[in-house]
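Okay, so here's the structure we're looking at.
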Amino acid sequence: MRALWSQWKADLLRTVRDRRFFAFTLVMPVGFYLIFIHIQHGTLQIAGTFWSAYFMVSMATFGVVGASVNTLGVRLATERKSGWVRWLRTTPLSSVGYALSKIFTQMVLSLLIVVVVFLVARLDQHVSLSAAKWIEIVLWIWIGSVPFAALGVLIGMAGNAAQVLGTMVYLALSLLGGLWTPIQVLPKTMQEIARVMPTYRYAHPAWGLLANRGIQWSDVLILAAYTIGFVALAAFIQRRMEAKPEAG
Amino acid sequence: MAVIEFDRVSKRFGTKEAVRSITFRLEAGQAVALLGPNGAGKTTSIQMMLGLLKPTQGTVALFSHDPAHPASHDRIGVVLQNVSVPERLKVKECLNLFRGFYARPKSLDELLDLGGLAEDADAMAHALSGGKTRRLQFALAMAGNPDVLFMDEPTVGMDVASKRHFWDSLRSFVGEGRTLVLTTHDLQEADLMTDRILVMNHGRIIADAPPEAIKMQFGGRQVKFSSGAMGLAEAIKSWPGVLDVQVAGRQLAVLTQDSDALLRRLFLDGHDIRDVEVGGGGLEEAFVRLTREDAPV
């Protein structure tokens with residue numbers, strides 16, 4: 001526990017000092033929100049709610065996916081490449097402790113992103129929801145981010161390619177999952193593609209909550225399947241990598 | 001008490017056999033060097049001691065436990081090769097991070113002192129110079145007040161002054177009755193720092209003895225001199241203690257276990273020799289001979 005706490009403190013500190021993180025994961029969703037909300041009117045009706053609230057959820061999920069897939073992936077890749085992870089494995093910090101620290105750090109960041117985007121939407125567009133509704137949506141976006149953390153871990157194994165791969169996956173998933181453009185206005189093929197994207201399945205329940213629809217089990221199941229897939233693939237690659245020699 | 005036990009340990013990477021069925025015990029309080037050329041299997045061995053690699057065959061125990069288990073890591077400190085320190089952490093934050101991992105850590109001031117980093121406590125660890133980075137790595141390895149210190153090629157790339165300072169720190173560590181395990185291809189380092197040397201080559205341990213014994217057994221000293229006498233080189237080869245005689249023009253280079261006896265006989269027999277030089281020997285020659293004689297299988 002002590003070891004985990006120590007690692008978590010350091011991880012949080014390093015994240016706060018990471019300018020890349022702020023540029024990519026806070027400024028982007030907030031900036032996009034402000035730009036796109038003023039192109040289309042926020043009072044536009046969409047999927048049983050207002051565009052201002054709908055797009056608020058889009059950008060919060062977009063931000064959380066970015067922090068998980070891109071920022072976490074690059075950070076993990078750097079730590080692996082530098083041999084730092086290997087060194088930590090010789091300390092009393094267990095690999096479970098290391099992973100938990102990364103996950104907890106990621107959770108704090110996700111919460112921060114969601115709260116900031118929601119605050120901006122509230123202040124700029126006067127998005128108003130009941131207290132219970134705010135909490136439900138924040139909790140869903142927070143907890144539903146788990147598969148993307150797993151995807152971040154997977155991308156973290158890509159070594160030098162992690163940065164490019166992370167950015168590509170992040171942007172592709174956001175675009176195809178309907179986080180930028182609502183799928184309602186997309187061609188039918190694109191809508192079908194969106195329905196199998198984890199990003200769509202992630203944002204869909206939150207959009208549903210806005211329109212007073214409940215969380216659908218199909219969304220939860222598909223996200224769970226993605227999580228298992230990413231974790232299994234990461235474990236497989238990890239085992240392959242351990243069979244390789246170091247110098248000397 | 002055994003700190004490390006290897007029982008018929010082999011490690012294969014694909015078809016390459018990095019370590020071939022080695023068995024040894026390291027006792028508490030020993031200072032041990034794994035010595036050998038690149039690719040001898042030293043780093044693979046030390047990584048198995050630390051649980052970073054699993055042996056293909058045989059068993060490795062650290063404090064009689066599985067080295068991969070984090071619980072056995074509370075009493076060890078480690079310096080690995082090719083490891084950089086994390087970005088965006090200050091020196092003191094790095095040290096506190098590691099201090100938090102161990103049950104009985106050394107104080108921050110003590111660690112800053114050990115690494116000679118008191119003035120750099122608030123500097124970003126990642127921006128330190130090469131030499132200071134190495135010192136920080138040493139301080140991090142000492143964070144848990146370890147009973148056993150593992151170092152993989154600790155002084156590669158250090159300048160002479162840093163090496164001296166570093167060796168002094170290690171000597172006081174060993175002086176407290178603690179255990180040191182280091183890999184090196186720097187023979188002087190092995191000779192200075194340790195009381196037991198395991199010489200490795202091609203994945204095997206080809207010698208296991210104190211530095212003096214290794215030098216005696218395989219090294220000897222080199223005596224060089226000029227002489228015009230015909231047949232002297234041939235005659236010396238059969239003298240007791242002589243290991244090797246090289247002739248280059250008028251100059252003879254004799255490798256012997258007992259340079260004093262050789263010189264006494266040369267002078268007493270009245271040979272006309274000049275420009276006598278006695279030197280070398282030591283571990284350098286021992287090492288070259290050892291690894292040359294142990295041809296790959």
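Side notes on the structure shown:
- Of everything in region B:218-241 that is in contact with a helix residue (DSSP H, G or I) (Cβ under 6 Å, 6 or more places away or on another chain) and of a type in the set (A, V, I, L, M, F, W, C), the residue that is surrounded by the fewest Cβ atoms within 10 Å (Cβ to Cβ) is B:Phe218.
- Every residue from region B:1-41 that is within 13 Å of chain A (Cβ to nearest Cβ) and either crowded, with 22+ Cβ neighbours inside 10 Å or under 16 Å from the mean Cα position of the chain (by Cα) (or both): B:Lys11, B:Ala18, B:Val19, B:Leu34, B:Leu35, B:Gly36, B:Pro37, B:Asn38, B:Gly39, B:Ala40, B:Gly41
- Top-ranked residue of region B:48-86 - restricted to ones that are open to solvent by 70 Å² or more (accessible area, probe 1.4 Å) and at the interface with chain A (Cβ under 9 Å from one of its Cβ atoms), ranked as farthest from B:Met1 (Cα to Cα): B:Asn82
- Residue check, B:Ala127 of a type outside the set (Lys, Arg), within 14 Å of another protein chain (Cβ to nearest Cβ) and within 24 Å of A:Ala3 (Cα to Cα): no
- Residues (closer than 14 Å to B:Ser84 by Cβ and either of a type in the set (Gly, Ala, Ser) or within 13 Å of chain A (Cβ to nearest Cβ) (or both)) located in region B:133-154: B:Thr133, B:Leu136, B:Gln137, B:Leu140
- The number of residues in region B:139-169 that are within 20 Å of B:Leu50 (Cα to Cα) and not in a loop (DSSP other than H, G, I, E, B) comes to 8.
- Meets criteria (crowded, with 21+ Cβ neighbours inside 10 Å and basic (Lys, Arg)) for B:Lys215: yes
- For region A:176-192, the criterion of being β-branched (Val, Ile, Thr), buried (at least 17 other Cβ atoms within 10 Å of the Cβ) and free of Cβ contacts under 8 Å to residues at least 24 places away in the same chain is satisfied by at least one residue.
- Scanning region A:179-210 for residues that are closer than 25 Å to A:Val146 by Cβ and among the hydrophobic types (A, V, I, L, M, F, W, C) gives A:Leu179, A:Trp180, A:Ile183, A:Ile193, A:Ala194, A:Val196, A:Met197, A:Ala203, A:Ala206, A:Trp207, A:Leu209, A:Leu210.
Here is a yes/no grid of residues against (1) open to solvent by 60 Å² or more (accessible area, probe 1.4 Å); (2) assigned by TED's automatic domain parsing to the domain that holds B:Val79; (3) in contact (Cβ under 8 Å) with a residue 24 or more places away in the chain:
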| site | (1), (2), (3) |
| --- | --- |
| B:Arg178 | no, yes, yes |
| B:Thr194 | no, yes, yes |
| B:Leu252 | no, no, yes |
| B:Arg274 | yes, no, yes |
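- Of all the numbered requirements in (1) touching a helix residue (DSSP H, G or I) at 6+ places or on another chain (Cβ under 8 Å); (2) within 13 Å of another protein chain (Cβ to nearest Cβ); (3) open to solvent by 40 Å² or more (accessible area, probe 1.4 Å), B:Gly157 misses one, and that requirement is (2).
- The residues of region A:148-175 that are small (Gly, Ala, Ser) and open to solvent by 10 Å² or more (accessible area, probe 1.4 Å), listed by number, are A:Ala149, A:Ala150, A:Ala158, A:Gly159, A:Ala161, A:Ala172.
- Residue tally, condition among the β-branched types (Val, Ile, Thr) and buried (at least 21 other Cβ atoms within 10 Å of the Cβ), over region A:104-119: 4
- Flag if B:Thr183 is in a strand (DSSP E or B), on the phi < 0 side of the Ramachandran plot and hydroxyl-bearing (Ser, Thr, Tyr): yes
- A:Ser6 satisfies every condition listed in (1) among the hydroxyl-bearing types (Ser, Thr, Tyr); (2) more than 14 Å from every other protein chain (Cβ to nearest Cβ); (3) open to solvent by less than 20 Å² (accessible area, probe 1.4 Å) except (2).
- Number of positions in region B:160-196 that are closer than 23 Å to B:Lys215 by Cα, of a type in the set (Lys, Arg) and more than 10 Å from the chain's Cα centre (by Cα): 3
- Number of the condition not met by A:Trp51 [criteria: (1) under 23 Å from the mean Cα position of the chain (by Cα); (2) open to solvent by 10 Å² or more (accessible area, probe 1.4 Å); (3) more than 14 Å from chain B (Cβ to nearest Cβ); (4) modelled with pLDDT under 90]: (4)
- Each residue in region B:22-69 was checked for being small (Gly, Ala, Ser) and farther than 13 Å from B:Val199 by Cα, and 8 of them qualify.
- The helices (runs of 4 or more DSSP H) found entirely in region A:49-167 that carry 3 or more residues being among the small types (Gly, Ala, Ser) are A:51-65, A:95-125, A:146-155.
The values are calculated or read from the model by the stated rules, or taken from the named source; none is laboratory data. Keep in mind that what you see is a predicted model, and the values were worked out from it rather than measured. Heads up, the Cβs are rebuilt from the backbone with ideal geometry, glycines too, and the neighbour counts pull from every protein chain shown. Note: accessible area is taken over every heavy atom of the protein model, side chains too, but ligands, DNA and RNA are not part of it. Shrake-Rupley method; radii C 1.70, N 1.55, O 1.52, S 1.80 Å.
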